[in-house]
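**Q** I'd like to ask you about the structure that follows.
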């Protein structure tokens, strides 16, 4: 009996408990949510510590019902199953960390603490569910849950234009979910159909008997697809492109990105941390898990497309961030820029590139969360995140400014932060695959320095704009997220082998299936 | 003792951590004391290491630790000790400890005093870490750390808008070069089949096994060398990326001293020296290095002629001198480039600290508000004079030996164009530095209010000046014909550089005399124009108004860059924003509106009459049944 | 085809049902319509009995012809019992409904005609018991849960109907 | 009761049910009085019941299930008509009308 179920399970329980709390006790729901996230974190650490080193571990499976004779005589069992592997473990831990820090460090927005923490817990549970799902059905359920939890968080607790942003979020990501669904069902049915074909047409190669039953189970599908690489070729490009489209929307890649800056502009700080920290990494996770993991030949085939879009995203995000007038928008676009590099790294389809992409997911998650936290704290004090109205904040709040600078430096890829090691590996991979495109992409290094330092200079440097008397530096409780996130960024940057081992293994596993 | 070399960078790091933890309320004496003592120990250690390494013929030692596995390649970090590294350790730690001492007086009373020391310690640590890196990746890591520290220190007075701008500019401009180095590093890694190690890279280069799928050995070598050199150009403020360095003068003066003498800008020259076998393998790259160096030397010297800010003059002199070093490396005179780096570190630190002492006394940086300070600041005056003579290349000061060797090498190799570039630059150098000297220390005060209360700082400020003055005067003797070209020999032991140092320069007396005469001519001209009270400079400026304006406005490079790169970049960014807002989001919004309009239209079918809905449902039922009956799908 | 008495009876009953149903459609006074529908219910009961399902037939008489018809009458009396259905007019909806219903009937009848149905039901579905006894056993052995649920449903409907029909204070 | 062979053809029974169903449907779609609409629904339910009872005797696999289902349908229909008429009464009290077209609160 594994513990993976309880990774998303603990926040779900917390969410249910918040429903039964008395309305008056506002602080209580925060406590409950915090406990839920803390439990997930503890479990994640336990799972990591006892991870055997390869393959899926700590698995749970529950079958719910079986649909008999769905298609070509196959039965389909629907159920939930959870598990972790080297790719998901660091991401799971990161999610739990960010969630815990967000609930501890950020004040609950007005409008009903109970409802807020209910949706927040569900969002975290959904993200954890996506990361731990070992079954396409589970995966989709979690993805949908994340969609709705995010929608309600933005729609009820966001800024003045929250409805618009929330519906955009819902529609875009809703389409992405449909794409994922189509691709998944196509994969599962395609393999099952292959079995049928193999059984009836003598000319097709004989497949192992385990191959081709209609199943949604991820490990089985991965195994099957390895055997079936040569046969099931007709539908593969179409499936991959559908999946890719979903990933692009999910990941807010240009030109499907406009929902992200708007959502970030409207959402509250804690939601921004979760959304920027982990939710926008789900797309890359899908691409790694299902694109590279199941359709590696298609990733090879569309490698150039991925690389081109990666470079476009790096540059587009950087340029858009340069002229962003507020921190929220800037961080959103810098995250898009980061994810462009992830795409570029994946497109190379070599160990370094994949490893770099994984590192970048973690790094971008940490740094985006930190940036949102600091800029959110500043916004709470000054009342604005528009750079034109800020200035000289180093004087009244040196600590917050210092952390903002640190986060910016990490984000622009300064060595000894996680940003650098991610960029390095991603580019190492990318240059091996697409040297000329990567050269263009490397311009992003200069641009990221430009827009981040420009923003820093406008915000914290220079003479003070707003009256300093009312502005206070970080409160004690706010140091926890600041210090923990900073420490994690440094740990990954200074000694990357802490996650490098697992990620390296995952990269090799993914490539092993491909090759 | 060489086993203890890892302590050299770690001691300043310990200082940094200590100050970080003790907070900004740390007493000044504690902050400065701890830093000076720790770096002092580092300095002593590096001296010991330097001398212990001397007699060993083979290249030094390396200690490695596993850091990360990328793909199938293992990346290590560690410490590598070569003769070049040992020399750099000495230079860096020696200058640093003096600057740290000097800062205690200069920064006295600043409310972020301990933060300043914190950054300085980090700066020293980064530079020391850089010079003992065993591989390109570690070098790059510290390289960027150095850049970060310079950003923090140049922007130390962040509340001044100019300082904030200068800090940003320094980071971004060097970042352009860094990106080149980054790409070069990646290409070398891929080309060698997965190693950042200097030795592995040099082996691959010399064996012509450096290759990528899309590029052969020779092409890749040149490309990588040029990209690496781009990094050096950014860091060492070579043309065309030199524009950040003068602006970096907005930082506190000790920082300028540190940046210009020992840490930041020296990194670029060190990088080219460290990667010298790579450059040697590619003649086009070497030629590029030489010419960039020569052009920079002259260009910066010409700009320095007319600047009004004392620190900017010295800053341009740094750029010019760095140009000499690059020139030396470019013509293959590896040891001479390093030699000039060595001497320059001392006399440039001296000039900056002396300038700092002057600024500290009169609280202005404008040359034309000073004057006659020689009597009030005697120690500063004489030490500045020593530095100026060294810079001007007057026998027997240190600068003479190193600069003259470079010019001689250029002459003897037949690079006449480079020789003349260097010589003209030398003339300008002598002129502009003595223009500063005469304007500051001789004649009458031009602004009595400022200069009347001027006095020397405390011993912490004067002692470093005296020590550096001695070094600036004598440091050249480590590599003279009489001392048997000691430094060249020392560096010859380096396995990596032995080929480079194989052809020592033969000093020729006529050339020596000629260059000294040129230097003296420059000094004489400066005396004629500025040494006496006259209106000659103004008349001359009027007569040569166009060249004067070009020099004063730094060849308009800042303006050119601003109107091309910055404005162009912003234009693209605005374009992206417009694209984002009107095209991409516009299409989406229009699509959403269309759906909305369609919904509005369909709304009118909802007339609230249940039976109307029923009719439609009945129609659907009939259709379904008819379809089923007709056998489509074979349900019935 | 020999005319079995049961067959004759069926045709008479069917004729009665259909004519009652048609008159339900054509009559204009609501109270007459309610009476017509009572006739349809009784006719259906007769069909059930003819088919050897006396229990269902009796239940039909009791519940439909008895309770429901009376209930409907009450409802009519409590509302606009004077109301008349307006004369038939060829509105779009009426026309479309008529066309679709005729089409549907035609389609269904065509399907029914085109199938070969099992001719005779010879099996003893009551398994030797009387029909009410057999149904009782079936209900309490096989369909216990459903039965209980239906009883629950009835209670809920009862309470709900009372609640809904109750005159509210603010209405008065 | 023993099992006399049913001599009524299945098709006739089904035809009766089909016609009854269509009459009910037509009534439900065109009657203006709410109560009459409810009655039309009952007609349709009765048509279904005839089918159920028919197939319980004359189906491919005859069994009592059809009759039991018919009973359930009758029961549910009773519940439905009770609630439905209560609703009609409530609506009448509010609107002073039992016409279907007046209950258009869901109009756009």
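The values are calculated or read from the model by the stated rules, or taken from the named source; none is laboratory data. Note that the coordinates shown come from a computational prediction; the quantities given were computed from them, not determined experimentally. Positions of Cβ are backbone-derived with ideal geometry, glycine not excepted, and every protein chain shown enters the neighbour counts.
For (1) farther than 11 Å from residue A:250 by Cβ; (2) surrounded by fewer than 17 Cβ atoms within 10 Å (Cβ to Cβ), each residue gets a yes or a no:
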site	(1), (2)
A:145	yes, no
A:152	yes, no
A:157	yes, no
A:160	yes, yes
A:163	yes, yes
A:166	yes, no
A:169	yes, no
A:173	no, no
A:177	no, no
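**Q** Also, I was wondering about something else. Given the condition within 29 Å of residue B:537 (Cα to Cα), free of Cβ contacts under 8 Å to residues at least 60 places away in the same chain and assigned by TED's automatic domain parsing to the domain that holds residue B:488, answer yes or no: does some residue in the range B:394-415 qualify?
**A** no
**Q** Among the residues of the range B:41-54, are any touching a helix residue (DSSP H, G or I) at 6+ places or on another chain (Cβ under 6 Å) and more than 27 Å from residue B:347 (Cα to Cα)?
**A** no
**Q** With the requirement that a residue be under 19 Å from residue A:484 (Cβ atoms) and more than 8 Å from every other protein chain (Cβ to nearest Cβ), what does the range A:402-413 give you?
**A** A:402, A:403, A:404, A:405, A:406, A:407, A:408, A:410, A:411
**Q** Assuming residue B:211 fulfils every condition listed in (1) closer than 22 Å to residue A:446 by Cα; (2) modelled with pLDDT under 85 apart from one, which condition is it?
**A** Going through (1) closer than 22 Å to residue A:446 by Cα; (2) modelled with pLDDT under 85 one by one, residue B:211 breaks only (1).
**Q** All but one of (1) more than 18 Å from residue D:77 (Cβ to Cβ); (2) modelled with pLDDT of 90 or more; (3) within 24 Å of the chain's Cα centre (by Cα) hold for residue C:138; which doesn't?
**A** The single condition residue C:138 does not satisfy is (2).
Let's see how each residue does on (1) touching a helix residue (DSSP H, G or I) at 6+ places or on another chain (Cβ under 7 Å); (2) under 16 Å from residue A:340 (Cα atoms):
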{"residue": "A:245", "(1), (2)": "yes, yes"}
{"residue": "A:248", "(1), (2)": "no, yes"}
{"residue": "A:254", "(1), (2)": "yes, yes"}
{"residue": "A:257", "(1), (2)": "yes, yes"}
{"residue": "A:267", "(1), (2)": "yes, no"}
{"residue": "A:283", "(1), (2)": "yes, yes"}
{"residue": "A:290", "(1), (2)": "yes, no"}
{"residue": "A:296", "(1), (2)": "yes, no"}
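**Q** Which number in (1) surrounded by fewer than 23 Cβ atoms within 10 Å (Cβ to Cβ); (2) touching a strand residue (DSSP E or B) at 6+ places or on another chain (Cβ under 8 Å) marks the one condition that residue B:216 misses?
**A** (2)
**Q** Let me ask something else. Within the range B:60-80, can one find any residue that is touching a residue at least 12 places away in the same chain (Cβ under 8 Å), within 14 Å of chain A (Cβ to nearest Cβ), exposed (fewer than 14 other Cβ atoms within 10 Å of the Cβ) and farther than 25 Å from residue A:416 by Cα?
**A** So far as the range B:60-80 goes, no, none of its residues is touching a residue at least 12 places away in the same chain (Cβ under 8 Å), within 14 Å of chain A (Cβ to nearest Cβ), exposed (fewer than 14 other Cβ atoms within 10 Å of the Cβ) and farther than 25 Å from residue A:416 by Cα.
**Q** Here are some residues: B:539, B:532. Which one is out of contact with any helix residue (DSSP H, G or I) (no Cβ under 9 Å at 6 or more places or on another chain) and either at pLDDT below 80 or more than 24 Å from residue B:403 (Cβ to Cβ) (or both)?
**A** None of the others qualify; the one that does is B:539.
**Q** Right, next: Of (1) buried (at least 19 other Cβ atoms within 10 Å of the Cβ); (2) more than 19 Å from residue C:30 (Cα to Cα); (3) more than 7 Å from every other protein chain (Cβ to nearest Cβ), residue D:46 satisfies all except one. Which?
**A** Looking at each condition in turn, residue D:46 falls short on (3).
**Q** Considering only the range B:120-136, how many residues are in a helix (DSSP H, G or I) and crowded, with 24+ Cβ neighbours inside 10 Å?
**A** 11
**Q** From C:13, C:17, which residue is touching a helix residue (DSSP H, G or I) at 6+ places or on another chain (Cβ under 7 Å), under 15 Å from residue D:15 (Cβ atoms) and more than 7 Å from every other protein chain (Cβ to nearest Cβ)?
**A** Result of the check over C:13, C:17: C:13.
**Q** Here is a follow-up. Within the range D:50-59, can you find the residues that are more than 7 Å from chain C (Cβ to nearest Cβ) and within 23 Å of residue C:149 (Cα to Cα)?
**A** The one that is more than 7 Å from chain C (Cβ to nearest Cβ) and within 23 Å of residue C:149 (Cα to Cα): D:52.
**Q** For the range A:482-515, what are the residues that are assigned to a helix (DSSP H, G or I), modelled with pLDDT under 90 and away from every other protein chain (no Cβ under 11 Å)?
**A** A:502, A:506, A:509, A:510, A:512, A:513, A:514 - these are the residues of the range A:482-515 that are assigned to a helix (DSSP H, G or I), modelled with pLDDT under 90 and away from every other protein chain (no Cβ under 11 Å).
**Q** Need at least 3 residues that are in contact with a strand residue (DSSP E or B) (Cβ under 8 Å, 6 or more places away or on another chain) and modelled with pLDDT under 85 per element, so show me which helices (runs of 4 or more DSSP H) inside the range B:423-493 make the cut, counting only ones lying wholly within it.
**A** none
**Q** Kindly indicate whether residue A:351 is in contact with a strand residue (DSSP E or B) (Cβ under 8 Å, 6 or more places away or on another chain) and within 14 Å of chain B (Cβ to nearest Cβ).
**A** yes
**Q** When the range C:51-63 is examined, which residues are found to be under 18 Å from residue D:16 (Cα atoms) and more than 7 Å from chain D (Cβ to nearest Cβ)?
**A** C:57, the sole residue that qualifies.
**Q** Considering every residue within the range A:327-348, establish whether at least one is surrounded by fewer than 24 Cβ atoms within 10 Å (Cβ to Cβ) and either closer than 17 Å to residue A:387 by Cβ or touching a strand residue (DSSP E or B) at 6+ places or on another chain (Cβ under 7 Å) (or both).
**A** yes
**Q** Identify, by number, the condition in (1) at the interface with chain B (Cβ under 8 Å from one of its Cβ atoms); (2) assigned to a loop (DSSP other than H, G, I, E, B); (3) over 28 Å from residue A:355 (Cβ atoms) that residue A:416 doesn't meet.
**A** Here residue A:416 meets the rest and fails (3).
**Q** (1) assigned to a helix (DSSP H, G or I); (2) surrounded by fewer than 24 Cβ atoms within 10 Å (Cβ to Cβ): which one isn't true of residue A:254, the others all being true?
**A** (1) is the only condition that residue A:254 fails.
**Q** For residue B:588, indicate whether it is surrounded by 15 or more Cβ atoms within 10 Å (Cβ to Cβ) and more than 10 Å from every other protein chain (Cβ to nearest Cβ).
**A** When the stated conditions are applied, residue B:588 does not pass them.
**Q** Quick check on my filter: what residues within the range D:60-104 are part of a loop (DSSP other than H, G, I, E, B), more than 7 Å from every other protein chain (Cβ to nearest Cβ) and without any contact (Cβ under 8 Å) to a residue 60 or more places away in the chain?
**A** D:61, D:96, D:97
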